[in-house]
Amino acid sequence: MQLTMKPSSVKSKTVVIIEDQTAIRELVSEMLQAKGKFRVVGTSADGSAGVEMALRLKPDILILDILLPDISGVEVLHRLRNTIPGLSVLVFSGKSEKQLARGLVKEGVRGYVNKNSPLSELRKAMDAIAEGESWFSEVYNRALVEALNSPETRVDQMGSSLTDREREIAVLLAKSHTSKEVAAKLNISTKTAENHRTNLMRKLG
């Protein structure tokens, strides 16, 4: 476990990283610090210590791996859920099973980046989250498309479950549009687009 304290910045977002691989922790930390808009205030190699650190430091953003040596990243989410106001969670993991992806959405994570992706995607995800948006890798878009087309959740069989606006947003999200792009196309605020997206994913399970 390591604490890193730097002078505060008005515009910077504080970040805690929970990741068991030392090289990845250090690489991600250095990348974020170099951008200037992020301040890594702590890193942890295991989930339990990471939870304690997050509760103590109350960061703006938590970068979280799912496979940890003691408790899982999902358990970390359970313990931190609704305890740190305004906390945004970005999952950075090598696991990409569709069921896990859907479960993470239900837990309220703001983003998911697969470790097989280039670092440029992690940078884009962090920038989006810092601006109040979400960022999900292609696995989430595929899961959404499959949910929309499956017999159990096909949109044309859901009756009033989805609103007309949610159907519009579902189509745009399935085409890999960000929440900001959805908002611009539908002439609504980004926050409204985010709220519709959350409701949509919950209804689709």
When every protein chain stays in place and a 1.4 Å probe is rolled, ARG79, ARG56 sorted by accessible area with the largest first are ARG56, ARG79
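Could the peptides 114-125, 57-68 be put in order, highest first, of the mean number of other beta-carbon atoms found within 10 Å of their residues? Please report the intermediate quantities before stating the final value.
Values: 114-125: 14.6, 57-68: 21.5.
Going by the mean number of other Cβ atoms within 10 Å, highest first, we get 57-68, 114-125.
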Once amide H atoms are built 1.01 Å from N in the peptide plane, which residues 5 or more positions from ARG39, or in another chain, come under 5 Å H to H?
LYS13, THR14, VAL15
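Over 29 Å between C-alpha atoms is what I'm after, so list which of LYS13/LYS180; LYS11/LYS191; LYS35/LYS58; LYS13/LYS115; LYS11/LYS95; LYS58/LYS191 land there.
Working: LYS13/LYS180 20 Å; LYS11/LYS191 20 Å; LYS35/LYS58 21 Å; LYS13/LYS115 22 Å; LYS11/LYS95 32 Å; LYS58/LYS191 23 Å.
Violating the 29 Å limit, Cα to Cα: LYS11/LYS95.
Please report, as a whole percent, how much of the solvent-accessible surface of the range 17-82 comes from carbon and sulfur atoms (probe radius 1.4 Å).
On the way: 1380 of 2820 Å².
Its accessible area is 49 percent carbon and sulfur atoms.
The values are calculated or read from the model by the stated rules, or taken from the named source; none is laboratory data. Computed from a prediction, not measured in an experiment: that's the story for all the values here. Because the Cβ atoms are built from the backbone with ideal geometry, glycine has one as well, and the counts that use them run over all protein chains shown. Side chains are part of the model used for accessible areas, which takes the heavy atoms of the whole protein and leaves out ligands, DNA and RNA. Shrake-Rupley method; radii C 1.70, N 1.55, O 1.52, S 1.80 Å.
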